[in-house]
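Input: a single structure, listed below in structure tokens.
Values quoted throughout were computed directly from the atomic coordinates according to the rules given, and no laboratory measurement underlies them. Bear in mind the structure is a predicted one, so any value in this text is a computation, not a measurement. Cβ placement follows ideal geometry from the backbone for every residue including glycine, while neighbour counts extend to all protein chains displayed.
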Amino acid sequence: MGRLAVDWHYNVLHRKYVDTVNKLLPQDWGVDDLIEVIEFADEDELVDLRDAALQAWNHEFFWHSMRPANELVGTADGPFGMLVKRYFGSMGALREAMVEAGRSQFGSGWVWLCICSEQNLVIKTTSNADNPMFWEERKLPVLVCDLWEHSYYLDYGPDRAHYLGTWFDMLANFESAAQNTRRVLQMMSQNPTWYAGEHGQKEDREHPQAPQPHR
Ligand SMILES: [Fe+2]
């Protein structure tokens with residue numbers, strides 16, 4: 001991923017989403033957490049706010065799903081490594097599945113590696129700003145790659161599969177995925193109904209603080 005692509009992606013596009021959230025967020029909401037903004041902006045007239053908040057969250061998570069290209073890849077050990085082995089067989093098979101899922105996603109979106117309520121490790125793709133953490137049956141992300149053309153056209157042209165393979169080999173942060181996996185499994189054991197999609201009324205919702213990107 002070249003310097004210019006990252007510069008435009010982070011300093012222009014990501015910033016625009018954050019600025020839009022700040023501009024559209026109703027003053028009287030009193031929330032400053034993106035997850036809360038997304039959950040509460042579920043009415044038709046708030047779709048622009050919700051989309052901008054989703055994209056702000058998704059991009060933050062995307063940056064934390066990467067590591068500097070010259071750093072050694074984190075080992076997939078612990079619960080994350082066990083789940084990869086159980087549901088994919090190997091890191092090579094996970095790579096193949098993520099590249100294929102991302103390649104075949106029609107149009108703009110994201111390819112996610114997530115944990116679902118049964119504690120399986122699954123790959124999901126979403127369109128545009130959508131994020132499986134906010135589906136009725138939640139899937140909690142541990143790693144994500146951006147499939148919007150702005151993330152790869154400058155360096156890879158239309159070859160999305162090449163971008164995805166290079167991203168997995170050179171940039172994906174499995175240490176972060178392993179930490180997110182630990183965090184998600186812990187939260188699931190503490191608040192299982194939230195993850196099963198039993199959201200309750202707005203006022204009663206309890207929001208776990210997660211999955212916060214690894215810093
Ligand atoms: Fe992006």
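Between the stretch 115-192 and the stretch 1-18, what is the separation of their alpha carbon centroids in Å?
Centre-to-centre (Cα) distance: 19 Å.
By the gyration tensor of its Cα atoms, with a ≥ b ≥ c the square roots of the eigenvalues, what is the shape of the stretch 133-189: rounded for a/c under 1.5, prolate for a/b over b/c, or oblate? Walk me through the numbers before you get to the answer.
Values: a/c = 4.23, a/b = 1.89, b/c = 2.23.
Judged from the Cα gyration tensor, the stretch 133-189 comes out oblate (a/c at least 1.5, b/c at or above a/b).
Once you have a ≥ b ≥ c as the square roots of the Cα gyration tensor eigenvalues for the stretch 36-195, tell me rounded if a/c is under 1.5, and otherwise prolate or oblate according to whether a/b is larger than b/c.
Numbers: a/c = 1.78, a/b = 1.08, b/c = 1.65.
Judged from the Cα gyration tensor, the stretch 36-195 comes out oblate (a/c at least 1.5, b/c at or above a/b).
Once label points are set 7 Å from the Cα along Cα→Cβ at both D169 and S90, what is their separation, rounded to one decimal in nm?
It is 1.6 nm.
Taking R0 as 22 Å, what FRET efficiency do you get between R15 and E43 from their Cβ-Cβ distance, rounded to the nearest 0.05?
Numbers: r = 26 Å, r/R0 = 1.18.
E between R15 and E43, to the nearest 0.05, is 0.25.
May I ask you to list the GluC sites (Glu not before Pro) in the stretch 99-174 that are in a DSSP loop and have at most 12 other Cβ atoms within 10 Å of their Cβ? Can you show the working numbers first?
Working: sites: E100, E118, E136, E137, E149; in loops: E118, E136, E137.
Hits after loop and neighbour filter: E118, E136, E137.
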